[in-house]
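Comments concern the structure below.
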Amino acid sequence: MKLQLLSLLVLWVPCISAENGVYYAQVYKEGIDETASPETLSRHVDAVARRHQYSRRDLSDAVVALADDTYSSEVINYLNMQYSVDITLGTPPQQFRVALDTGSSLLWVPSDRCTSRTCSRHNSYRPGSSSTYKATDRSIALEYVKGDARARVAVDTLYFAGAKIENQGFGQADNVADVFYYAQFDGIIGIGYPSIGYGIKPPINNLIDSGGLKDPVFGIYISNSQRRNAPAGEIVLGGYNTNKFTGDIKWFPVSRQAFWETGLSGIKIGDHALNVDGFGVVFDTGSSFIILPDDVYSDFLTQFPSVSRAGEIDYVDCSTISTAPDLSFEFGGSVFKLTPREYILRFGMSCALGVSGSSRVSGVAILGDTFLRRYYTIYNFGDNTIGVADAV
């Protein structure tokens, strides 16, 4: 694939707008919460797995731009578990911090009607305060919330990465699950394919279709810095940042236009090969962990002599970081490795595997932030490919 390259310089000032429609924003890092409970981590894993389980079931039933079309936005890291960006909705703008999620395609934020305790800690969308708000008669079930809670669909003006997107559909959630109570973000912005967007065109696709981007590409860099107010990464709309990776970009075809998924050839922990014949691999910034089907994960655990389980999360002695083997993934004829320091996560004095298993997942490995902190990724809606390179 032949693309025109654009190198972006990130300026460490609060927020600037360069000429020709190239937008830059300062990158921040949230502080690490070392008290994350096993229950919180487990519920996160289950929520991600449930989303992929439902989407796979439903589906079975059923480029770098020029400078005047490139946008960049800050990415915020919380708990080394979730990466977020700031957006605004409405006129005048109402600000929200939303989790950046390649594993979904819907934008949602809490509504001012939300009565769950989680909403008391987060910004809520106030339709009555926006002159560009438009109501609809639609409501949708959110897989992120408990029970049969629903979100009402609204339309309003969105600013994402400095790009203005008019008439953007989104969900106003009237009940938000407790798992989000301590989160440092208000909602979620999905940047997957429209086919899993509940019939609502995702923001980036609205931007593409309106001619806001000449080439339908975005690039994501996320770091593993654990310092407060340190750089945490960026998303570039319409381009990618050549300063954030080294070496060549390897390109892989999207196997189905729903998730950002390609075919998986193999997984090894050291020299031990896991059975993943016929599997796909999904790139999912909305997942903090690498998630495998339970049987594959059980085989993975045989390579660790001492593991302590709490919920869905397995803990190891922190000395394991210096003795455990590398974890490698092969797809498209290329091998991508993670060292123990990269796939074993520190939470205060404890160390947890950044890999987990779920009975809800089958036939796919979900590559969450454990993997994505190590590799720069590029997503091309134009030729339906995924680019992967070594992150700096």
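The values are calculated or read from the model by the stated rules, or taken from the named source; none is laboratory data. Since we're looking at a predicted model, the values are computed, not measured. No Cβ is skipped: glycine too gets one built from the backbone with ideal geometry, and neighbour counts run over all protein chains shown.
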Name the pairs: first residue in the stretch 162-183 and closer than 20 Å to Ser116 by Cα, second residue surrounded by fewer than 22 Cβ atoms within 10 Å (Cβ to Cβ) and aromatic (Phe, Trp, Tyr), Cβ to Cβ under 7 Å, at least 6 apart or on different chains? Ala183/Tyr78
Number of positions in the stretch 114-125 that are exposed (fewer than 15 other Cβ atoms within 10 Å of the Cβ) and not small (Gly, Ala, Ser): 3
Test: Phe259 is part of a loop (DSSP other than H, G, I, E, B), buried (at least 17 other Cβ atoms within 10 Å of the Cβ) and in the same structural domain as Tyr343 (by the TED database): yes
Under the condition of being touching a Pro at 6+ places or on another chain (Cβ under 9 Å) and over 14 Å from Phe347 (Cβ atoms), which residue from the stretch 305-319 is surrounded by the most Cβ atoms within 10 Å (Cβ to Cβ)? Glu312
Going residue by residue through the stretch 200-223, is there one that turns out to be in the same structural domain as Tyr125 (by the TED database), farther than 20 Å from Leu106 by Cβ and of a type in the set (S, T, N, Q)? yes
For the subset of the stretch 283-295 comprising residues that are part of a loop (DSSP other than H, G, I, E, B) and either under 15 Å from Tyr343 (Cβ atoms) or aromatic (Phe, Trp, Tyr) (or both), which member is modelled with the highest pLDDT? Phe289
Lone unmet requirement of (1) part of a loop (DSSP other than H, G, I, E, B); (2) surrounded by 15 or more Cβ atoms within 10 Å (Cβ to Cβ) for Asp277: (2)
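Do the conditions hold for Leu353, that is, is it at pLDDT 95 or above, surrounded by 23 or more Cβ atoms within 10 Å (Cβ to Cβ) and over 20 Å from Gly263 (Cβ atoms)? I'd like the intermediate steps shown before the answer.
Numbers: at pLDDT 95 or above: yes; surrounded by 23 or more Cβ atoms within 10 Å (Cβ to Cβ): yes; over 20 Å from Gly263 (Cβ atoms): yes.
Taking the combined requirement at face value, the residue satisfies it.
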Within the stretch 320-335, restricting attention to residues that are under 27 Å from the mean Cα position of the chain (by Cα) and among the β-branched types (Val, Ile, Thr), which residue is surrounded by the fewest Cβ atoms within 10 Å (Cβ to Cβ)? Val335
Answer yes if at least one residue in the stretch 283-300 is touching a Pro at 6+ places or on another chain (Cβ under 8 Å) and of a type outside the set (Asp, Glu), and no otherwise. no
